[in-house]
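Trainee: One structure, as structure tokens, below. Some questions next.
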There are 2 protein chains.
Amino acid sequence: MSMDVYFATSNRNKFLEAYEILSKLGIILKWLRITKVEIQSDLLDEIAKKSALEIAKRTGKHIVVEDDGLFIEALNGFPGPYSSFVYRTIGLKGVLKLLEGVEDRVAYFKSVVAYAEPNGFVKTFEGRIDGTISLEPRGEEGFGYDPIFIPESYNKTFAELGLKIKNTISHRRRAFENFAKWYIESRRTIQKSF
Amino acid sequence: MSMDVYFATSNRNKFLEAYEILSKLGIILKWLRITKVEIQSDLLDEIAKKSALEIAKRTGKHIVVEDDGLFIEALNGFPGPYSSFVYRTIGLKGVLKLLEGVEDRVAYFKSVVAYAEPNGFVKTFEGRIDGTISLEPRGEEGFGYDPIFIPESYNKTFAELGLKIKNTISHRRRAFENFAKWYIESRRTIQKSF
């Protein structure tokens, strides 16, 4: 039988979201509740890879980590990989102030899931959702930048749409689905080879 | 004789500044020209420590690294440890826009120098300079946030004061001087003990 897969995150919401997505696809995710060390990089991919590998080697487990960010084009990708720090310091108010008088409000959320094994194997999976930044915060549900992000082909923010809808179209779901597809396929291949 | 000390940095300006400060105090710094991996943390101290240790262990050399940031109080310490990313994305223009209409413009530059040896020894040294953020960029010299930072008891920005004056009062000088004092003293102690 294949080994358990642990999601290393200190964030309960993230774990529950991932658990729900993966359980529907037949993967039961376990929770490794730790605060992970992340490197500084403009590339989410690199950050997630390093974290997953380090934790897999240290714990001897099969690990997934997820990292995401909001990339605003008129701000050259700000806040990007540092979305969490920017949220904690200047907040939505600050981000909206930076966009005052800016017409091009195109942005995207990107998520990277990295899967690593203690033997040094590591692979990343991406998910992305395009959209725009609203003129003011709207909606009550969700967290982080949800009140100011309007996904493409909607006219409501993530916070107005609510978690249920958000979770069917989110960057994180897409990244986890990409992981799941590969994971299930790769287990099948391993089983066949016996 | 004591071992050489290498400053690990990809930034030529930083190396030259540190070289000049330390050579006057009798320490000849060597340049290890590498792009270092830094962790994400709100604490410069933690970032510098981890980097220095990792490089010292990997290279077998005595290593110093330096990390600095601009901390703006009205913005809860933004841009802080991510000053370089913020400079590359929203720039001085963005930072000034965030402070539009804000009266409290108090800020400080902080520098942390971490010294590490391959055996796992590591120690950090801080330097800080208080000041305020100007209403618009002023001055031609220097780099980064120099055109918008007015050090306490001056009425010109770092970029107006010029590198010569800046380098006599800067956070980086203070951190390197603190390192030098300790380093010279600790070598003296080692020599005495033979």
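Trainee: Cross-link partners among aspartates and glutamates for A:Lys61, C-alpha distance below 15 Å, same-chain residues fewer than 8 apart left out?
Mentor: A:Asp4, A:Glu117
Trainee: What percent does the relative contact order of chain B come to when contacts are Cα pairs within less than 8 Å and at least six residues apart?
Mentor: 19 percent
Trainee: How about the stretch B:1-45: which chymotrypsin sites (Phe, Trp or Tyr not before Pro) there lie in a loop by DSSP and see at most 13 other Cβ atoms within 10 Å?
Mentor: Nothing satisfies the criteria.
Trainee: Ok, one more. Between the label point of B:Glu152 and that of the same position in each other copy, find the distances and list them shortest first in nm, with every label point placed 7 Å from Cα along the Cα-to-C-beta direction.
Mentor: In ascending order, 5.1 nm.
Trainee: On a C-alpha basis, how far is the centre of the stretch A:125-173 from the centre of the stretch B:39-96 in Å? Whole number, if you could?
Mentor: The distance from the Cα centre of the stretch A:125-173 to that of the stretch B:39-96 comes to 31 Å.
Trainee: How about the stretch A:86-190: which GluC sites (Glu not before Pro) there lie in a loop by DSSP and see at most 14 other Cβ atoms within 10 Å? Can you show the working numbers first?
Mentor: Working: sites: A:Glu100, A:Glu103, A:Glu126, A:Glu140, A:Glu141, A:Glu152, A:Glu160, A:Glu177, A:Glu185; in loops: A:Glu100, A:Glu103, A:Glu140, A:Glu141, A:Glu152.
Listed in order of number, the matching sites are A:Glu100, A:Glu103, A:Glu140, A:Glu152.
Trainee: Distance check, please: which entries in B:Lys49/B:Lys97; B:Lys14/B:Lys123; A:Lys24/A:Lys110; A:Lys97/B:Lys14; A:Lys97/B:Lys50 exceed 28 angstrom between their Cα atoms?
Mentor: B:Lys49/B:Lys97; A:Lys97/B:Lys14; A:Lys97/B:Lys50
Trainee: Most mobile of B:Ile21, B:Ile34, B:Ile47 per a Gaussian network model of chain B (Cα springs, under 10 Å)?
Mentor: B:Ile34
Trainee: Need one value for A:37-45: mean number of C-beta atoms belonging to other chains within 10 Å of its residues' C-beta atoms.
Mentor: Average per residue, whole number: 4.
Trainee: Something else now. Can you tell me what percent of all Cα-Cα pairs in chain B are more than 21 Å apart?
Mentor: Cα-Cα pairs in chain B separated by more than 21 Å: 51 percent.
Trainee: Could you quote the convex hull projected area for the protein assembly as shown, Cα atoms only and averaged over all directions, in nm²? Display every interim value, and only then the final one.
Mentor: Details: hull surface 91.4 nm².
It is 22.8 nm².
Trainee: Turning to a different aspect of this structure: Rounding to the nearest 20 debye, state how big the charge dipole of the stretch A:5-192 is about its Cα centre with +1 on each Lys and Arg Cβ and -1 on each Asp and Glu Cβ.
Mentor: 1020 debye
Since every read-out is calculated from the coordinates, none of them should be taken as a lab result. Values in this document were obtained by computation on a predicted structure and should not be read as measured data. When we count neighbours, we look across all protein chains shown, and the Cβ atoms used for this are built from the backbone with ideal geometry, even at glycine.
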